[in-house]
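Only one structure is covered here, and it is reproduced in the block below.
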Amino acid sequence: MIRFLGQFNFCIFLIFTICYSYQFVFLFYVLAQRLKGKKEEDTATVKNNRYAFVTSARNEKNVIGDLIDSIRKQNYPKELIDIYIIADNCTDNTAEISRQKGAFVYERFNKTLIGKGYALDEFFKHILSTKESKKYDGFFIFDADNVLDENFTKEMNKVFNKGYNIVTSYRNSRNYGSNWISAGYALWFLRESKYLSNARMLLNTSCAVSGTGFLVRESLIEKNNGWKHHLLTEDIEFSIDSVINGEKIGYSDGAIIYDEQPITFKQSWNQRLRWSKGFYQVLGKYGGKLVKGIFTSKNNKFSCFDMFMTISPAMFITLFSIAVNGGVLITEMLSSYGNYFLINESINAIGGSLFRFYILLFVVGAITTVTEWKNIHTTTFKKIFYTFTFPLFIATYIPIAIVALFKKVQWTPIAHGVERQNVIMKQQV
């Protein structure tokens, strides 16, 4: 039994290493390129395309104005930008604020088909049917809490001109320093941008869309007859479906977008529960196609593998190891003739897994913090302190992922701008 347990723990470690070691290759490759100090030469065609900026917003009066203002301030020809706000089942004055700021507003009231994917689909089907879509080369898709760097469009346009049908951006945070929860989100997205998307771009493989701040060519929207992705995580579903169908998603490291992260654990739990459930949905719907693509795809074999690893819950490998060793530990400790060596092996395996989990995430978080130091907008103390809490934030995904396996989850709106509005109200009192 001791020998079996030792071999089991070694196999778990080996499987994890084989599956995810490529992401460390990504990390070290980006670091090596950074040390060289060489930047990719800009060989894109100099062409200013016309874009529609599309946002699905539900009761977003607190933040929608900031987004529209940041679009208006883009360092890009104003006549080539149109702003569309989908007021999705709004009961506040989101639509009114949007119109006042010069946006085109598409109001939608549908209590059955709920969620961003359905709202986008209805809007795109409408604009395709009226032929208005032909006015645009591409569509930017945002969330209402986003704020764009002034050079965002200009930088995205450069990559778009290289022929990519989908381009994603560098995702930063508006409220990194609020607490350990918002910092956990923000650090993960910074790491995702710099050491996943950026690495993929440098290595000429497909990137993946992360939630918001991405660009889609008009012809692809037309090909898909709107927005056909309606699972709980429509962004990763869109990415994986595109990769399976041969698309290579580009990334612009210079296009910076800021979004607002949750600050309460309840809010964070509900959001990540939806994400976890959505990942299971995507895995169930596309997992087989990705595995097939690993062996049969003409151009995206590695990307299919990469996307399969993205939606496969890595923590379950560690969790499975802890469950097996924990079962052995409890059994032996309750037994009158508990085997000391089995107990010792189980404790070492569980402790080792948790220790490696923490150290691994701490190192990843620390490297991201150091290299993206200037892009993290908070105090020095918080930058350092939240590096230590980052692994704890990720660890809270474990119970969330377990609950998501069994619980029915539906899309629910997240209130944005509440923290800022509270600050404004206090200042006015």
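The values are calculated or read from the model by the stated rules, or taken from the named source; none is laboratory data. Here the structure is a predicted model, which means the values were calculated and not measured. Using ideal geometry, Cβ is built from the backbone for each residue, glycine included, and neighbour counts are taken over all protein chains shown. Areas reflect the complete protein model, heavy atoms only, side chains present, ligands, DNA and RNA absent. Shrake-Rupley method; radii C 1.70, N 1.55, O 1.52, S 1.80 Å.
Key figures
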quantity	calculated
For region 40-195, size of Cβ-based charge dipole, Lys and Arg +1, Asp and Glu -1, in debye	240 debye
Longest DSSP-loop-exposure-free segment, trypsin sites (Lys or Arg not before Pro), the chain, at most 11 other Cβ within 10 Å	132-297
Accessible surface of Leu360 - all protein chains present, 1.4 Å probe, nearest 10 Å²	60 Å²
Whole-Å distance, taken between Cα centres, linking region 382-398 and region 210-244	30 Å
With all protein chains modelled, accessible area of Cys19 [1.4 Å, Å²]	30 Å²
Average accessible area per residue (Å²) across the chain - probe 1.4 Å, nucleic acids and ligands excluded	48 Å²
Reachable aspartates and glutamates from Lys382, criterion Cα separation under 19 angstrom, eight or more residues apart if same chain	Asp259, Glu260, Glu372, Glu419
GluC sites (Glu not before Pro) lying in DSSP loop within region 12-101, provided at most 15 other Cβ fall within 10 Å	Glu40, Glu41
Residue among Ile330, Ile114, Ile359 with the largest mean-square fluctuation in a Gaussian network model of the chain, springs linking Cα atoms under 10 Å	Ile330
Carbon plus sulfur fraction of accessible area for region 57-153, probe 1.4 Å, in percent	47 percent
Farthest toward positive dipole pole in the chain [+1 Lys/Arg, -1 Asp/Glu at C-beta], among Ala404, Leu220, Phe152	Leu220
Dipole of region 49-184 [Lys/Arg +1, Asp/Glu -1 at C-beta], most positive-end residue of Ile141, Leu113, Ile166	Ile166
Ordering of 143-152, 343-352, 232-241 by packing [mean C-beta count within 10 Å, highest first]	232-241, 143-152, 343-352
Lys/Arg +1, Asp/Glu -1 at C-beta; the chain dipole; positive extreme among Ser178, Ile240, Asn300	Asn300
Part-to-part distance (alpha-carbon centres) for region 256-274 and region 349-370, which is given in Å	22 Å
Eligible aspartates and glutamates near Lys408 by straight Cα distance, threshold 18 Å, same-chain separation 8 or greater	Glu234
Amide H contacts of Glu107 (H built 1.01 Å from N, under 5 Å, at least 5 apart or other chain)	Ala87
Helical segments meeting 27 Å axial Cα length and Kyte-Doolittle 0.0 threshold in the chain (DSSP H)	2-36, 315-334, 340-371
